[in-house]
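Have a look at the structure below before the remarks.
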Amino acid sequence: MKKYLSYFNLRSYAQSQKGFTLMEILAVLLIIAVILSFAIPAYNSIRFDQRNNLAKEGVKRLSEAIRSYYQNTKGVKITGHFTGTGLGAVPPACNDLSSSGVPGRGKTENIMQLFACGYLSGSEYSELPYTFYSCLDNNANCHGRPYAVAKAVDKKTAGKKYVKEYDGVPYYIYLDSALRVTDNSND
């Protein structure tokens, strides 16, 4: 004779089964792994894009600071470079050449003067994995660009997209002659 399970028999069977089976746990873990496999690369891409956009803003601020310093000091050029993540050191004292009234044509100052004199804030650059160059001294890293250039330090901190080469030249951000911030991936 066939036994038919009644409502009460099903209920007692369900009560006797406590917890999840191994297959149910593995299925949930598989679903979580698939979701994470899509989410983590998307998150990293967004994070690297955000850093790149902050570096573009940093190039614009650096260029404006270089121009302001040049005008206020009546011709002193800013030279050199700094790495955003390496700005832990206190900048040197400000050499305020703007108050002397003597034209500074032909003179140069290190790029750290922009921080010492208050033209730039180190907190705006301290988290950026880029090296920023002043291009007023025909620096080889500037690739003939005016004002300022930023280059990614390495793949791990800047993302693979921002350290690859375009026509044999590594990726860099620059301010063009129309004062627009762009990069060489569009050249």
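Across segment 112-128, what is the number of residues that are within 18 Å of the chain's Cα centre (by Cα), crowded, with 20+ Cβ neighbours inside 10 Å and not hydroxyl-bearing (S, T, Y)? Number of matching residues: 2.
Exactly one residue among Y162, Y130, Y171 is aromatic (F, W, Y), in contact with a helix residue (DSSP H, G or I) (Cβ under 6 Å, 6 or more places away or on another chain) and modelled with pLDDT under 75, and that residue is Y162.
Applying the criterion of being among the hydrophobic types (A, V, I, L, M, F, W, C) and outside any loop (DSSP other than H, G, I, E, B) to the residues of segment 63-80, the residue that is surrounded by the fewest Cβ atoms within 10 Å (Cβ to Cβ) is A65. Taking (1) at pLDDT below 85; (2) in a loop (DSSP other than H, G, I, E, B); (3) over 20 Å from N52 (Cα atoms) in turn, E109 satisfies each apart from (2).
Within segment 56-82, residues that are on the phi > 0 side of the Ramachandran plot have Cβ atoms under 7 Å from residues that are hydroxyl-bearing (S, T, Y) and surrounded by 16 or more Cβ atoms within 10 Å (Cβ to Cβ) in these pairs: G80/S134, counting only partners at least 6 apart in sequence or on another chain.
When every residue of segment 93-103 is checked against the conditions, none turns out to be modelled with pLDDT under 85 and under 20 Å from A150 (Cβ atoms). Looking across segment 129-142, not a single residue is assigned to a loop (DSSP other than H, G, I, E, B), surrounded by fewer than 17 Cβ atoms within 10 Å (Cβ to Cβ) and in contact with a Cys (Cβ under 9 Å, 6 or more places away or on another chain).
Scoring T157 on the criteria (1) surrounded by 15 or more Cβ atoms within 10 Å (Cβ to Cβ); (2) modelled with pLDDT of 80 or more leaves a single failure, condition (2).
The values are calculated or read from the model by the stated rules, or taken from the named source; none is laboratory data. Quick caveat, the model's predicted, so the values are computed rather than measured. Positions of Cβ are generated from backbone atoms using ideal geometry, with glycine treated the same way; all protein chains shown enter the neighbour counts.
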